[in-house]
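The values are calculated or read from the model by the stated rules, or taken from the named source; none is laboratory data. On a predicted model such as this, the values are computed, not experimentally measured, just so you know. When we count neighbours, we look across all protein chains shown, and the Cβ atoms used for this are built from the backbone with ideal geometry, even at glycine.
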Amino acid sequence: MKRSLAWLTIVALGCGGNEAPEQAATEVGPDTLPASIPALEMEAGFVIVTPEQAHDWQEAGEPVVIMDARDGVQYAREHIPGAVNVPYVDIRAGANLPGLDSRIAIYCSDKDCPISQYAYEGLRGLGYTNLYDMRAGIQGWKDAGYPTVIGEAAPDTTG
């Protein structure tokens, strides 16, 4: 019992149990994030981002690529403002992709559409690590009250 209590005391002290409040407040790490920063949600090996989080990134001007993984016809019919269209079937075929260090939020139609997951896996296979699946899709974006672009084709990136 004494050994367990001594071990817990050592662990508590080693984890910052005796730091001054002002010293602890300046340290940064996964255990020191403010409560206002939501923890990442994981589902079946995918990091999930909500439409609200993706919208907040856009509004704050944070570097993020919003990627529509649906085909060009669906993208032209309606998409999220600022989204780039990279159909998931084109990812491994040499699509024009952002840099490997880009933060990418991928979406498709709705929460039941697996296309964003296919794109996520394809990008992960190419070495991308900063990936987010906006599982709610464009429908979740609209349900959250955010605007979409209707009737505009993807820009020509072939030069």
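Can you name every residue in the range 65-104 that is under 12 Å from ALA119 (Cα atoms) and touching a Pro at 6+ places or on another chain (Cβ under 6 Å)?
Scanning the range 65-104 gives a single hit, ASP71.
Identify the residue in the range 54-91 that is surrounded by fewer than 21 Cβ atoms within 10 Å (Cβ to Cβ) and among the charged types (D, E, K, R) and, among all such residues, is farthest from ALA144 (Cα to Cα).
Top of the filtered list is ASP90.
List the number of the failed condition for VAL149; all other conditions in (1) under 14 Å from VAL49 (Cβ atoms); (2) among the hydrophobic types (A, V, I, L, M, F, W, C); (3) touching a Pro at 6+ places or on another chain (Cβ under 7 Å) hold.
All conditions pass for VAL149, except number (1).
Does any residue in the range 38-53 that is under 21 Å from GLY145 (Cβ atoms) come within less than 7 Å, Cβ to Cβ, of a residue that is at pLDDT 80 or above and in a loop (DSSP other than H, G, I, E, B) six or more places away or on a different chain, and which pairs are these?
ILE48/ARG135; VAL49/MET134; THR50/ALA136; PRO51/MET134; PRO51/ALA136; PRO51/ALA144; PRO51/TYR146; GLU52/ALA144
Is it the case that some residue within the range 92-113 is in contact with a helix residue (DSSP H, G or I) (Cβ under 7 Å, 6 or more places away or on another chain), over 17 Å from HIS55 (Cβ atoms), touching a residue at least 12 places away in the same chain (Cβ under 8 Å) and aliphatic (A, V, I, L, M)?
No - not one qualifying residue is present in the range 92-113.
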